[in-house]
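The values are calculated or read from the model by the stated rules, or taken from the named source; none is laboratory data. Values in this document were obtained by computation on a predicted structure and should not be read as measured data. Reconstructed Cβ throughout: ideal geometry from the backbone, glycine too, with neighbour counts over all protein chains shown.
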Amino acid sequence: MGHKALPILRIIDHGPDTKSFVLPAPFPTSLPGQFVFAWLPGLGEKPFSISEQHGDEIELTVKALGPFSRAMMALEPGDKLGLRGPYGSAFEVPGPAVLLGGGIGIAPIRFLARQLERQGRSVPILLGARSKDEHVFVSDFERLGARFATDDGSLGHHGFVTDLLRDLPMTSDTTLCACGPEVMLVGVRGVAAELELPMQLSMERYMKCGLGICGQCCMDGSGVRCCVEGPVLDDALLDGVTELGQTHRDGTGRR
């Protein structure tokens, strides 16, 4: 699947080095948790989670962390961005659930929350970041009744988002759906194991082809490819992954 060059319709500035880019949707549908590759001339491409697709528009929310994402911060409405996708597995929430997002991992959780809202479903949403300034879509999530946590106490609970999780009434079929820094996912996995709850965790690894061919995003010796079986992994797939919370490899193969 090749890139489609699409004009940027709108740009939403969220604060320190974080923006959302709204473009015409290059494909009819995508699902929360899936990702696309964005392409810029001279810089190659990078994968980004989809933060919303509704109607004929798609949205990517990007934090400036490296050369590619920093270059995206200089784009303006009318500039073109190449997209290919969507790729990967998605969140599946047939029953009760709790949504957890951390840092820029809040973006795909927003897509999931919006989808559930369109289905007339309301679920608890817990969101964490280092500070108030690093939370995105705050007003949107406040409308949905989300609870917030920050490392510095500048918004909501002073502490980890997993602290809020333990306060919730949950049944044995409540699925924990989470995306965020891996240290947060380790914490969510620990609570899920302790309370014997099903979970779906969205993982991040270096990706190259997006098609499951090159093997760059394989997780330890499990054979789980983050671009095909992932990025959203359920209990069965996570059981075979031993590297969660440990160092992983970059594009050169270096740990």
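Restricting to the stretch 128-155, name every residue that is surrounded by 15 or more Cβ atoms within 10 Å (Cβ to Cβ) and either free of Cβ contacts under 8 Å to residues at least 12 places away in the same chain or of a type in the set (V, I, T) (or both).
V136, V138, T150 - these are the residues of the stretch 128-155 that are surrounded by 15 or more Cβ atoms within 10 Å (Cβ to Cβ) and either free of Cβ contacts under 8 Å to residues at least 12 places away in the same chain or of a type in the set (V, I, T) (or both).
Being aliphatic (A, V, I, L, M) and touching a Phe, Trp or Tyr at 6+ places or on another chain (Cβ under 6 Å) is the requirement here; does L99 meet it?
It is false that L99 is aliphatic (A, V, I, L, M) and touching a Phe, Trp or Tyr at 6+ places or on another chain (Cβ under 6 Å).
Could you tell me which of the residues T171, T242 is surrounded by fewer than 17 Cβ atoms within 10 Å (Cβ to Cβ) and outside the structural domain of R121 (by TED's automatic domain parsing)?
T242
Would you say S202 is hydroxyl-bearing (S, T, Y) and within 24 Å of I50 (Cβ to Cβ)?
Considered against the rule, which asks whether it is hydroxyl-bearing (S, T, Y) and within 24 Å of I50 (Cβ to Cβ), S202 comes out as yes.
Restricting to the stretch 177-234, and then to whatever is buried (at least 22 other Cβ atoms within 10 Å of the Cβ), within 21 Å of D167 (Cα to Cα) and of a type outside the set (A, V, I, L, M), can you tell me which residue is nearest to the chain's Cα centre (by Cα)?
Here the answer is C179.
Could you list, in sequence order, the residues of the stretch 118-148 that are of a type in the set (G, A, S), within 18 Å of the chain's Cα centre (by Cα) and within 23 Å of I11 (Cα to Cα)?
Scanning the stretch 118-148 gives a single hit, A129.
Within the set of pairs 6+ apart or on separate chains, which have a first residue in the stretch 20-43 that is in contact (Cβ under 8 Å) with a residue 12 or more places away in the chain, a second that is charged (D, E, K, R) and assigned to a loop (DSSP other than H, G, I, E, B), and C-beta atoms under 8 Å apart?
Listed pairs, sorted by first residue: P24/D56; A25/D56.
Just to be sure, is F21 closer than 27 Å to C177 by Cα, under 14 Å from the mean Cα position of the chain (by Cα), buried (at least 21 other Cβ atoms within 10 Å of the Cβ) and not assigned by TED's automatic domain parsing to the domain that holds G210?
For F21, the condition - closer than 27 Å to C177 by Cα, under 14 Å from the mean Cα position of the chain (by Cα), buried (at least 21 other Cβ atoms within 10 Å of the Cβ) and not assigned by TED's automatic domain parsing to the domain that holds G210 - is not met.
With respect to I104, determine if the residue is touching a Lys or Arg at 6+ places or on another chain (Cβ under 7 Å) and either in contact (Cβ under 8 Å) with a residue 40 or more places away in the chain or assigned to a strand (DSSP E or B) (or both).
Yes: the conditions hold for I104.
Yes/no matrix, rows are residues, columns are (1) within 22 Å of V224 (Cβ to Cβ); (2) crowded, with 23+ Cβ neighbours inside 10 Å:
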{"site": "A64", "(1), (2)": "no, no"}
{"site": "R70", "(1), (2)": "no, no"}
{"site": "L81", "(1), (2)": "no, no"}
{"site": "G88", "(1), (2)": "yes, yes"}
{"site": "F91", "(1), (2)": "yes, yes"}
{"site": "P94", "(1), (2)": "no, no"}
{"site": "G102", "(1), (2)": "yes, yes"}
{"site": "I109", "(1), (2)": "yes, yes"}
{"site": "A113", "(1), (2)": "no, yes"}
